[in-house]
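The values are calculated or read from the model by the stated rules, or taken from the named source; none is laboratory data. Being a predicted model, the structure only gives us computed values, none of them experimental. Here Cβ is always computed from backbone atoms with ideal geometry, including for glycine, and neighbour counts include all displayed protein chains. Side chains are part of the model used for accessible areas, which takes the heavy atoms of the whole protein and leaves out ligands, DNA and RNA. Shrake-Rupley method; radii C 1.70, N 1.55, O 1.52, S 1.80 Å.
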Amino acid sequence: MNKYERLKNELEMTGTGKMKAFGTSMLPILKSGTLLTFIKAAEYSIGDIVFCKVKGRYIDAHKVIKKDTNKGCLIANNHGYENGWTKVIYGKVIAGEFENRIIYKKD
């Protein structure tokens, strides 16, 4: 089981989970190697950093930038690259920890 399937299962079973995210697509909000804490939510809002699936591919930490009743949520990184629309969101980031410091927090 890969890290995405593990997190997906944790969110489905307990409503919360943690996973490290790597890459530079969310700088300066998140750094590569940030340990993210996710929660499952009833609804997701514009600005939420989410774990989702877009076009059959897992996206572990990109933002909801638009919402549409028919299409779902439009997902993008922090530099304007749009991944696409999805209705499959598993959870949202409520905290990010890097080098033992909280660098991101959202209720």
message: Not counting ligands, DNA or RNA, and with a 1.4 Å probe, what is Tyr4's accessible surface area in Å² rounded to the nearest 10?
response: 60 Å²
message: Pairs of alpha-carbon atoms within less than 8 angstrom and 6+ residues apart define the contacts here; what relative contact order does the chain have, in percent?
response: 25 percent
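Tell me, what is the FRET efficiency for Thr14 and Lys55 to the nearest 0.05, using R0 = 25 angstrom and their Cβ-Cβ distance as r?
For Thr14 and Lys55, the calculated efficiency is 0.35.
Just in the stretch 1-31: which GluC sites (Glu not before Pro) are loop by DSSP and have at most 15 other Cβ atoms within 10 Å?
none
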field: Spin-label model distance (nm) - Ile29 vs Val88, 7 Å beyond Cα toward Cβ
entry: 2.2 nm
- prompt: What nm value, rounded to one decimal, do you get for the distance between Lys106 and Ile39 when each label is placed 7 Å out toward the C-beta?
  reply: 1.3 nm
- line: Dividing the surface of the Cα convex hull of the chain by four yields a projected area in nm² of 6.5 nm²
query: Anyone know which of Lys53, Lys18, Lys71 comes out most mobile in the 10 Å Cα GNM of the chain?
result: Lys71
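When the dipole is taken about the Cα centre of the stretch 42-88, and only Lys, Arg (+1) and Asp, Glu (-1) are charged at their Cβ, what size is it in debye, to the nearest 20?
Approximately 180 debye in magnitude.
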- request: Can you give me the P(r) profile for the stretch 50-107? Cα pairs, bins 10 angstrom wide beginning at 0, each as a whole percent.
  value: 23, 49, 23, 4, 0
- prompt: Where the centroid of each part is defined by its Cα atoms, how far is the stretch 1-32 from the stretch 51-67 in Å?
  reply: 12 Å
- prompt: With every protein chain kept in the model, how would you rank Glu82, Glu99 by accessible area, 1.4 Å probe, largest at the top?
  reply: Glu99, Glu82
- line: Heavy-atom accessible area per residue of the chain, all protein chains kept, 1.4 Å probe, expressed in Å², is 58 Å²
